[in-house]
Number of protein chains: 2
Amino acid sequence: MALRHARGAEEEIKARAQARIEEISALPVYRGRSVPLLTDLYQLTMMYGHFRAGKHRQRVVFDLFYRANPCGNGFVIAAGLEQVVWYLYHLRFGPEEIAYLRSLRQFPEDFLTWLAEFRFTGDLYAVPEGTVVFPNEPILRFEGPLAEVQLVESAVLTFINHQSLIATKARRIVEAARSDPRHPDAPVLEMGLRRAQNMDAAVFGARAAYIAGCAGTSNLLAGQSFGIPVVGTQGHSWIQSFPSEIDAFRAYADAFPDATTLLVDTYDVLRSGIPNAITVAKELEARGYRLRAVRIDSGDLAYLSKRARAMLDAAGLSYVGIIASSDLDERTIRDLILQGAEINAWGVGTHLITSYDCPALGGVFKLAAKEEDGVLQPCIKVSENAAKVTNPGKKKVLRLYVDGQASADLIALDDEPDLNPAEPLELFDPVHTYKRKVIQDYQVEPLLVPVFLGGQLVYELPDIAAIRRRVEESLAKFSSEVRRPINPHIYHVDLSLPLWELKQRLLHQMRPVRPQT
Amino acid sequence: MALRHARGAEEEIKARAQARIEEISALPVYRGRSVPLLTDLYQLTMMYGHFRAGKHRQRVVFDLFYRANPCGNGFVIAAGLEQVVWYLYHLRFGPEEIAYLRSLRQFPEDFLTWLAEFRFTGDLYAVPEGTVVFPNEPILRFEGPLAEVQLVESAVLTFINHQSLIATKARRIVEAARSDPRHPDAPVLEMGLRRAQNMDAAVFGARAAYIAGCAGTSNLLAGQSFGIPVVGTQGHSWIQSFPSEIDAFRAYADAFPDATTLLVDTYDVLRSGIPNAITVAKELEARGYRLRAVRIDSGDLAYLSKRARAMLDAAGLSYVGIIASSDLDERTIRDLILQGAEINAWGVGTHLITSYDCPALGGVFKLAAKEEDGVLQPCIKVSENAAKVTNPGKKKVLRLYVDGQASADLIALDDEPDLNPAEPLELFDPVHTYKRKVIQDYQVEPLLVPVFLGGQLVYELPDIAAIRRRVEESLAKFSSEVRRPINPHIYHVDLSLPLWELKQRLLHQMRPVRPQT
């Protein structure tokens, strides 16, 4: 898996990667942000402790992974790596940060002097954004000096936890919208800015939603920063600010004759909004334009959309779409579809942008190996709770495809020899080991790719369109049973035999210091 | 309520207010942020529509309020005004933002030229941060040109919704901690960075938590930005990175002899962690120091804390505190207290920083009045859902105290004459009008204070310590029945008779345009 390139090719890769991160760093949402102190105090106290004990340069491996899928989903869409790269690339302690740390009176000058010279010099391997991942799989794998890897834990977790959570929640909603047999292409539009947990949650949340398959966002800063299509027309206050609904509709259609959606629920959808929209649509037709859609933002969306559809069709306006919004999530959307609602696009706010029913992803960052006498030794974290025992050692993650379909993921030690897909491979459940299956003639995709090597960025961050495509391509290789939103099939994530044996050995060797009580 | 000062005094207020916002704008979390496009596209399309119709300068009044308390609480703690002031003070469209809007091909040049000159020129009255507020009370009241007030809706809602939500959730947790009769001063420490919905949620969430009564945060950027005390010691990886637990404890105590808390649950709390902590505490005593605390981060916190307390006490270490952390929220804290857990400080993460069980506050921004023929005319928004009918007109909010206790809030029209507390005042429930009470000899506190007048900042933003005091002082005037976390007493928020009569008149006059079907 080592990167083998001619020296010139390596330099070219670095140059392209660097040009790309400089471009990204100039985006409004990243530019000028001060983040070296976006960390927990205990990372700094531990760094200083290691520094003082002369252990800060000890080489360690840490894995970032999560233990349980959020929202009852069967997988997570990995997202947030761009933010991680941006953070690591710019991570420096300037005079202002050093002065603040000095003011805490916990850190001596020799440590602060060392900190002022701090650069990230480690390796980072990561799963590309937009990849489908599963519990316990390393999504990011850091290797480097203990003090460096320790410092970055908090911010890196924040970025990956947030964007992966929102991408996953958004995908649940997108899948719900696509389950409509009558309108399988109905787009989901992200409209949650005002209910987001502050600015970054709105902007990076809109990014994650777009990655996951939303068609656009109402958030202009997200549109500007990431090139996401922006959507939106008018709110109730527009309608209210005119003497009558038809005046408001006409004024809007005059301003945007080729991009008009009319909000029809301010007074009465069926007795006022739709009849007025039909009048304005006919006026637009007479001028050579077409009304794009009507939006229903309250009330019984199933009933109202069906009646509105019938009225529009009867008026010869079958081309006018119906957009629904009003506290929607994947459950209400699926239910509306089952009721035969006639919805051509879904505007989703609060539930998507906060992942309302599951607003945190529990990603963790755990020590997997540490250098002793020049050799990386695997580490394990035991726990009373068996699900919390970590997988030891420096690891790789392999996705195994049979006939183009993802069949299982295999977590293996990084230095295990490459698999030979011509030979049968026996996979077994790491807990219930009697559950076995044998595959052959499979394809192997290593999920972790090099991002930083020796502190040098070697990964050219993809653009958002490529990440979005990766989500679709990645998901297309999983069965609908894994993808379904409720009680999904549990996808196999197995351990290689060498990793499983190592884990068992360490578990049984583990002898915590116990006084004789 | 008009501000009456000699001209010199007015200028001095403005100068102080301006100096203060400049100081705040230099903080790391605010500095250099690009936010003019932190809005929904439809705000811009409506602005252009109004501009095109020549209505963009029409004077309007908008109220920001919420309809239902979050998390089953009986009130909300208003927070986020500092962010609103910062946003309005700096709101400009630069060449980059104009270029982006031009690229959308929806806006003609005359509008973009006008937008480049955009400044907020309106009035803002607001409830100071840290004030207890209730459903339907205007927390912010904007008055100004339609296009300006429209634009700011999205960002202002984001700031107020997020910070008020987290302050309210944090207060629930702080109140739970204070309900321990054995440890009524046990502080709550905010430790949620890694599970926050990205950077701003972490930093402004830590601010809101501190306002609401948390004693500190683990988040250094929040500490640096807002002067919040920072807390933290070591994580499990520190313990794991040493050959044994006692080595790890000793190394930490050597590095921070006067500020050591030891994490005791890596191997076994009672058989390893506490005995080792006792050893290290005795070693510290021999050097003239005192171990500050132990932290238990997993397992049965009730059982473990009681046993740990007994072991520490038996070793003569009754001064060593016990800090608990592990997926805590107000429910688990109250339950642990009922079980007699011996906890001296509570570390709270995910549930606080995301407001896990209620992750969005539904603040809205509604038209209350608009100028017609030079006069402000009250507006009402009707709805099938009676709870969503708005209160019309430009309003004030008065808190009425009897014997120093908050007795009721009164929403009144802004131009109603001042109340005369020497005379009896009859209050009545705005829905069930037979429910009446009469008060006399009461004190009146107007909750809305001027923040911007004619686009000029006239409000000197308080420091965070003053906001924090306001929370305590504000809450101390409410009964424990209003403050309790479950099934709280519904505090009276009544309408003045003139406002109630206006609302009834407008409701009955309301004749939506309805074709004869």
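The values are calculated or read from the model by the stated rules, or taken from the named source; none is laboratory data. Everything quoted here is computed from the prediction, not taken from an experiment. Please note: Cβ atoms are built from the backbone with ideal geometry, for glycine as well, and neighbour counts cover all protein chains shown.
Of note:
- Residue pairs meeting the criteria (Cβ under 6 Å; at least 6 apart or on separate chains; first outside any loop (DSSP other than H, G, I, E, B), in the range B:88-108; second among the β-branched types (Val, Ile, Thr)): B:TYR89/B:ILE21
- Test result for B:ARG194, part of a helix (DSSP H, G or I) and under 25 Å from B:ARG469 (Cβ atoms): no
- Some residue of the range A:159-172 being among the charged types (D, E, K, R), in contact with a Pro (Cβ under 6 Å, 6 or more places away or on another chain) and more than 18 Å from A:VAL35 (Cβ to Cβ): yes
- Going through (1) in a loop (DSSP other than H, G, I, E, B); (2) within 14 Å of chain A (Cβ to nearest Cβ); (3) free of Cβ contacts under 8 Å to residues at least 60 places away in the same chain one by one, B:GLN377 falls short only on (1).
- Listing of helices (runs of 4 or more DSSP H) fully contained in the range B:198-271 that carry 2 or more residues being within 7 Å of chain A (Cβ to nearest Cβ) and among the hydrophobic types (A, V, I, L, M, F, W, C): B:199-211, B:220-226, B:245-255
- Selection from the range B:393-430 of residues that are over 31 Å from the mean Cα position of the chain (by Cα) and either outside the structural domain of B:ASP494 (by TED's automatic domain parsing) or in a strand (DSSP E or B) (or both): B:LEU425, B:GLU426
- Output for the range B:340-374, where each listed residue is of a type outside the set (Gly, Ala, Ser) and in a strand (DSSP E or B): B:TRP346, B:VAL348, B:VAL364, B:PHE365, B:LYS366, B:LEU367, B:LYS370, B:GLU371, B:GLU372
- Test set (1) in contact with a helix residue (DSSP H, G or I) (Cβ under 6 Å, 6 or more places away or on another chain); (2) facing another protein chain (nearest Cβ under 9 Å); (3) outside any loop (DSSP other than H, G, I, E, B); (4) not charged (D, E, K, R) - A:VAL280 fails condition number: (2)
- Residue within the range A:374-388 that is in contact with a strand residue (DSSP E or B) (Cβ under 8 Å, 6 or more places away or on another chain) and of a type in the set (A, V, I, L, M, F, W, C) present: yes
- Restricting attention to the range A:36-54, the residues that are in a loop (DSSP other than H, G, I, E, B) and within 7 Å of another protein chain (Cβ to nearest Cβ) total 4.
- Filtered residues of the range B:429-470 (kept if in contact with a Leu (Cβ under 6 Å, 6 or more places away or on another chain) and aromatic (Phe, Trp, Tyr)): B:TYR442, B:PHE452
- In the range B:343-368, the qualifying residues are those that are of a type in the set (A, V, I, L, M) and surrounded by fewer than 24 Cβ atoms within 10 Å (Cβ to Cβ), and the one that is nearest to the other protein chains (Cβ to nearest Cβ) is B:ALA360.
- Any hit, the range A:58-72, residues being under 30 Å from A:VAL449 (Cβ atoms), assigned to a loop (DSSP other than H, G, I, E, B) and small (Gly, Ala, Ser): yes
- Filter pass, A:ASP335 being among the acidic types (Asp, Glu) and either farther than 24 Å from A:LEU263 by Cβ or part of a loop (DSSP other than H, G, I, E, B) (or both): no
- Meets criteria (touching a residue at least 40 places away in the same chain (Cβ under 8 Å) and under 20 Å from A:PRO128 (Cα atoms)) for A:VAL29: no
- Looking only at residues in the range B:136-195 that are within 18 Å of the chain's Cα centre (by Cα) and of a type in the set (D, E, K, R), the one that is farthest from B:ASP414 (Cα to Cα) is B:GLU190.
- Here A:THR433 passes the criteria (1) closer than 25 Å to A:CYS379 by Cα; (2) touching a Ser or Thr at 6+ places or on another chain (Cβ under 9 Å); (3) not in a helix (DSSP H, G or I) except the one numbered (2).
- Checking each residue in the range B:299-355 for being among the basic types (Lys, Arg) and closer than 18 Å to B:THR168 by Cα picks out B:ARG331, B:ARG334.
- Hey, A:GLY340 in contact (Cβ under 8 Å) with a residue 12 or more places away in the chain and either facing chain B (nearest Cβ under 9 Å) or surrounded by fewer than 23 Cβ atoms within 10 Å (Cβ to Cβ) (or both) or not: yes
- Lone unmet requirement of (1) β-branched (Val, Ile, Thr); (2) crowded, with 20+ Cβ neighbours inside 10 Å; (3) in contact with a strand residue (DSSP E or B) (Cβ under 7 Å, 6 or more places away or on another chain) for B:THR121: (2)
- Residue, surrounded by the most Cβ atoms within 10 Å (Cβ to Cβ), within the range B:156-180, restricted to residues that are within 14 Å of chain A (Cβ to nearest Cβ) and within 29 Å of B:GLU342 (Cα to Cα): B:ILE166
- Per-region count, the range B:8-35, residues part of a loop (DSSP other than H, G, I, E, B) and of a type in the set (Lys, Arg): 2
- Answer from B:VAL438, B:VAL451 - the residue that is over 26 Å from B:TYR89 (Cα atoms) and assigned to a strand (DSSP E or B): B:VAL438
- Residues of the range A:322-337 that turn out to be over 23 Å from the mean Cα position of the chain (by Cα) and in contact (Cβ under 8 Å) with a residue 60 or more places away in the chain, as a count: 3
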